[in-house]
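Structure first, then comments.
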Amino acid sequence: MHEVFQRKDGSNIVPPAYGKDLEDLDQKALAHFEIRITEALSAQSKSIELRIVKSNGGSALGVARQLVLSGDAEFPQLSNLMADALADAQKSRGIPGGMLLVFDGKVGKDERPFVGVIKAEMQSGFQRRPGAAKVVTEFLENIFLTPATRLYKLAVFIAEDIQVVDDTKWKCVVFDSNITAARRENAAVYFYDGFLGCAFPENGKYETAKFFDLTKEFVRSSVTDRDLRRDLSDALFAFVKVEQAPTFTSQQFGEAYLPMELRDPFNKFLETKKFPTDRAVVRDTSEMGSRLRRRKYKFGPDIEFSASPEAIRNGTATIEDVPSVNADGDENGTWTRIIIRRPVTEQL
């Protein structure tokens, strides 16, 4: 555990305060630490797998590789290199300091090794002292790694082999609450780019389009209620095109729009189609073209109607089912009423 400081003047780095020994956590603290990591890296937390750009010996991955191959005696000294790299990456005086936790472990059934780093900002708060006759509070300063996820960033380098060798491939998964539509390219960039040597993946175009097509397929094949099917189609267009967050997860769509009984089937459907359900993907609609510009509605084999998603969403065009009426005035099935709140401007 090291402390990295905020820069005070110009380009001068404030040297980190290095931890000299491994931290010895008791069982309760260790369980709490594991929960923090698990919650942050869950899909709902907006964790994302980044593309590793820098992998030489002096990079964050290079240090992670050394840490996996080291013993407990060498670990603290080697982890100083992570603190140095973070201090160097924090080039702006506006970036706060904090604690840097460096840790290793195993993940998955095959127990592949990983190295994790957490930058946790300091905060203050009150604590209730247990066992007192009355409620007694203590004011605490310099606490960190609380449930306030906006106050920490987390990354793990995971080896793809059980035994790490020189040519072992790695992946990097990052949680950073600053990766939002407004702040993606400022506060977070020093962490995932400058410090970790990573970049956003380049497959966002493919995965966004694949999610759109697979979700449409699931709705068509699994939802029998016509009103719900139409509502979900509308929701899918809004979720993919209108929402501004740079990343999304299939879990977010399911929890926001799908009935409870369809969420597990939706997740299993995506898994069978090899779509990632355990991480966020980068939202990129740049190659989806007309699929998001026009909504098409079919009425039997010989009638089609199309409109922009915006026209449907703002009520310029409305589509509703109404009871059909035969010549005798009796209801017989369902018709569709379409109201266009504009005059005809052209006939094709």
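The distance linking the range 228-265 with the range 1-67 is 33 Å (Cα centroid to Cα centroid, whole angstrom). Taking Lys20 as the anchor, which lysines have their alpha carbon closer than 29 Å to its alpha carbon, excluding any fewer than eight residues away along the same chain? The qualifying lysines are Lys8, Lys28, Lys54, Lys91, Lys106, Lys119, Lys153, Lys171. Would you please give the FRET efficiency between Leu30 and Lys171, computed as 1/(1 + (r/R0)^6) with r the Cβ-Cβ distance and R0 = 22 Å, to the nearest 0.05? Step by step, r from the Cβ atoms, then E = 0.35.
If the chain linking Ile303 and Asp278 were pulled fully straight, counting 0.36 nm for each residue of separation and taking away their Cα-Cα distance, it would gain 5.0 nm. Ranked by the mean number of other Cβ atoms within 10 Å of their residues, highest first, the peptides 98-107, 190-199 fall in the order 190-199, 98-107. When the alpha-carbon atoms of the range 198-347 are used, the pair Rg, Dmax equals 18.0, 71 angstrom. Summing +1 for each Lys or Arg and -1 for each Asp or Glu, what net charge is found among the other residues whose Cβ lies under 11 Å from the Cβ of Thr318? In short, +2. Each peptide in 81-91, 217-227 was scored by the mean count of other Cβ atoms within 10 Å over its residues; highest first, the order is 81-91, 217-227.
Take the Cα atoms of the range 211-250, build their convex hull, and give its volume per residue in Å³. Working shown, then result.
On the way: hull volume 2.4 nm³, N = 40.
Normalising the Cα hull of the range 211-250 by residue number yields 59 Å³.
Within straight-line reach of Lys298, meaning a Cα separation under 19 Å, sit the following aspartates and glutamates at least 8 residues removed in sequence or on another chain: Asp213, Glu217, Asp225, Asp227, Asp231, Asp234, Glu310, Glu320, Asp321.
Every number in this text was worked out from the coordinates using simple rules, so none of it is lab data. In this text, all values refer to a predicted model and were calculated from it rather than measured experimentally. Because the Cβ atoms are built from the backbone with ideal geometry, glycine has one as well, and the counts that use them run over all protein chains shown.
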